[in-house]
Every structure is written in structure tokens, then in C-alpha cells.
1. Given 0.36 nm per residue, what is the gain on full extension from Ala254 to Ala414 after removing their alpha carbon distance, in nm?
2. Projecting each Cα onto the charge dipole of the chain (Lys/Arg +1, Asp/Glu -1 at the beta carbon, about the Cα centre), which of Leu138, Val150, Ser245 comes out farthest on the positive side?
3. As an exercise, find the ratio Rg/Rh for the range 342-434 from alpha-carbon atoms, using the Kirkwood inverse-distance average for Rh.
4. Once you keep just the Cα pairs under 8 angstrom separated by 6 or more residues, what percentage relative contact order results for the range 24-143?
5. Putting +1 on Lys and Arg Cβ atoms and -1 on Asp and Glu Cβ atoms, find which of Val399, Trp31, Leu42 reaches farthest to the positive end of the dipole of the chain.
6. List the residues, sorted by chain then number, that are 5 or more residues from Met76 or on another chain and whose placed amide H is less than 5 Å from its amide H.
7. Any chance you could count the Lys pairs in the chain whose alpha carbons are under 16 Å apart, treating pairs 8 or more apart or on different chains as valid?
8. Specify which residue in the list Pro379, Tyr300, Leu324 is farthest towards the positive end of the charge dipole of the range 287-441, using unit charges on the beta carbon of Lys, Arg (+1) and Asp, Glu (-1), about the Cα centre.
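The values are calculated or read from the model by the stated rules, or taken from the named source; none is laboratory data. Predicted model only: the values in this text are computed from it and were never measured. Cβ: placed from backbone, ideal geometry, glycine included. Neighbour counts: every protein chain shown. These area figures cover heavy atoms from the full protein model, side chains too; ligands, DNA and RNA do not enter into them. Shrake-Rupley method; radii C 1.70, N 1.55, O 1.52, S 1.80 Å.
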Amino acid sequence: MAEKLSAVKGMNDILPAAVPRTEKLPDSQLWQWFESAVRDVLARYGYHYVLTPVVEPTALFVRGLGEVTDIVEKEMYSFTDAMNGDRLTLRPEATAGIVRAVIEHNALYNGPLRIWTIGPMFRHERPQKGRYRQFHQLDVEALGLAGPDVDVEMILMARALWRELGLVEGRDVRLEINSLGQPAERKAHRDALVAHLEAHADRLDADAQRRLHSNPLRILDTKNEAMRDVVESAPRLIDFLGPESLAHFDTLRASLDAVGLAYTVNPRLVRGMDYYNLTVFEWVTDQLGSQGTVCGGGRYDGLIQQLGGKPAPAVGFGLGIERLLLLLQALQVPVPSAAPDAYAVVPAGVPLPAVIAAVESLRGAGVRVQMHAAGPEGPGSMKAQFRKADASGARYALVFGPDELAQGQVGVKALRGGDGTQVPMPLADPASWAVKLQSPA
Ligand code: ATP
Ligand code: MG
């Protein structure tokens, strides 16, 4: 036998529930349910779908995310295109690519843009539960809009999605917010922060030592428990905000209060990318250990200009799909069934073309029908077929007995509940009764 190949470490196959999976990752049914909820919710807020490439020029991320970030320093899958020597990178996040596309197509020409995308992202991290090298994000962005009302809209869309999926905010997911102010305010805070960190230089780990002057704000984002005291006693950015930044933050908070959304202000919330200003937020859960952030975002008013576009404000968020689905799984949130409505039982000797035509007309009427496919040895006994019908999760069996078929009928039998009787239905007019087979939505 030829040698077997496996997926790249930290990159997963997403498979139907029926396939026994060694990695306990959510099955594809949960994915599809999530995606349909996303489509519903985002349409309600007037957001449009976009797709951008998975590969972008390396320079886009270096310029967009900042050189002294975890992602750019150590997590990017970068390579040289062997055909022409271009430096390319598998996207580690979606915002930079979207902004590149918006600039390239002059997409803000006619006014603001509300868009979203979904797809794989790549980061060379140590794989563990909720942290992979290929993972998926829902990414939502509003470009060309400056007000705190749009920041609130971002947060509310996420809440609407939680509700659609049966998660309870405050219990299953909690909102944390902060304001990063504007560059000048950050500069004043930065000087105070560096002074504080220098005074505790002996307590800083190697990463922090290195970032002390290049990007001290990011030190506050450390996951190193040993630095907790130093970080907690550090000067708070919020105390350096001027009246405009404070007003923006106050409107955000008042709007969250107005819609009854509880939150905590986390002064250490800085987020991983350099491009954020004013509002930043995260939705976190206690259910996933240290991989507790399921959704994070904020305002990035300087990024479009930084990447060569005409200055325009923007705000957005990224949601980690694997983490969210792991959370739904951990909470045993009920998921709509992927089972067919009906299973077609086909006794041996029945003319298959007539059955195929009948099943197809039912599907045309909107019924999900799984057909019992006979192998070369024939369809198997009725008993064996009914066992498969049961296992499929279908609520009805369609029994294509030769006598019924000869009269243009099919026998319909309830598999769950019901009195076990088989009711003949006319094949000529499936639309008149097909609706009864469909699962209540
Ligand atoms: P973390 O602090 O957990 O590393 P991050 O700040 O790097 O997260 P973002 O860049 O803000 O994450 O990405 C948005 C979301 O994408 C995260 O909140 C998380 O849910 C998800 N995410 C990020 N990295 C991974 C990964 N390696 N595997 C799975 N999901 C991820
Ligand atoms: Mg990270």
C-alpha cells in the first residue's frame, strides 16, 4: 500500500457528524448552522458579503499590523513565490486584506461600506484546544463611519448572533471594552508607561524587555502571570484621554446601557494589532480555558491612510469560529437536525428509474429525501433497509412497493411515533402532500 499522508499539524478537516473524529472538533453541521445564523443576522444590519484572497503581499501585514506584534514577529506563514520571487504571506487576519481591497477598488467613493467575510486564517502558533495554525474567522467591517454609534452596532451584531445561537450574554459570553484614545494621547501615556516599566525592569520577561521601547503598550497584553503585578500597577491609558476621546467612550457606554447590555471596562484590554484607536472590545468566555476570547475588535481610523488610501475611519471585529463552536458544544446548545425528512425504501425488483423519478419530484417539492442506494448485490432486505432509514434520522419512510408503484403511489410511514400504518400517496401530485413531510422549521 502507498504511504498515507496527513494534514499539516494544527490544520483540521471539518467533517460530518457521522464520521468518527479523533480531534474533538465541531462537526460540519454546527458550522453550517453557524454560517446561516451569520447570514441572517448580518443581513438584518445591512452588511454585504465580500471575499478577498487568502494570499497577500507580505508587506501588507508588516505595514498594516505593525512590525512589533506577535503575528508579524513570529506567527506568519511567509514564503517566496518560486515563479517570480515575490514575498507572500497566508493571511493571519482579514482586516488588512479588506482594507487593501477597499483602497484598490476605491470602494468608499460612493460613501460608507458595511461588509463581512468568512474564511481561513493562518498563524504559526503552538496548536492546542481553541488555537490552531489554520483557523476560521467571521470578520465584519464598517468603513467610512466615525461615530460611536457604529462601534455599538458592531457589538450589537455580535450580541444578536449570540441570541440567534442560543448563547446568553453575561453568562456564556461577557463583553469587555476599553478606549485606546488617539495617537497623541497614547504617546503621553506611553512615556509614563515606559517610566513605570523601566522602574520594574528586573521583573520583565525577555519579550517585554525587547518591547519596552518599541511597543510598550503591547506588554500590557502579556499572558505571562509573573508580570501580572507590574502590569496591574501600570499607568492607565484611560487617565490620559482628552475630552473628545472621553466623549466617544461615554456615548458608547451610554448606548450599551440603553440597550441593556452589561459590560466591564478592562483598562488592560489593548488587542494584538497596532492599528486600533478609540474603542476596543472583546467577547470572552470562561468555558474555554486560556483560549477565552471568542470575538475581538475595535476602531482603526488610521489604517486606511497608513496603507495608502484616502483617510477614512473604520471599525470592525473578528470572531474565532472554532472557539465559538467549541463553546456551543461545551454548553450543549441544541442544533437543528441535519437528518433527511424521508428515507426511500426500495424493495428488490422494483424498477429503479421510476423510483428515481418519483424521489426527484419530491425533492423538487422541497422535501429532503435520502434514497437507499443498492450496491451490485441488490438493495438488501426490507428489515435492513428500515434499520438504515431509522439510523438516518428521517421522520418518514417512503416505501416504493411494486403494487403501489404500479398504481402511481408511494407508501408513507412515520418512523418516529405514529401507529406504524403505511398511507398511500399519489406520485402524480407530490406538492399536495410533500409539505407534511417537511420538518417544522
Ligand atoms: P489570542 O489572544 O487568543 O491569541 P488574538 O488577539 O491573537 O487572540 P485576534 O487576532 O484578535 O486574536 O483574532 C480574533 C479572534 O480569532 C480571536 O478572538 C480568537 O477567537 C480567534 N483566534 C485567533 N487566533 C486563533 C488561533 N490560532 N486559533 C483559533 N482561533 C484563533
Ligand atoms: Mg494571538
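1. 52.2 nm
2. It is Leu138, whose Cα lies furthest towards the positive end.
3. 0.92
4. So the answer I get is 24 percent.
5. With unit charges placed on the Cβ atoms, the residue in question is Val399.
6. His124
7. 7
8. After comparing all options, I get Tyr300.
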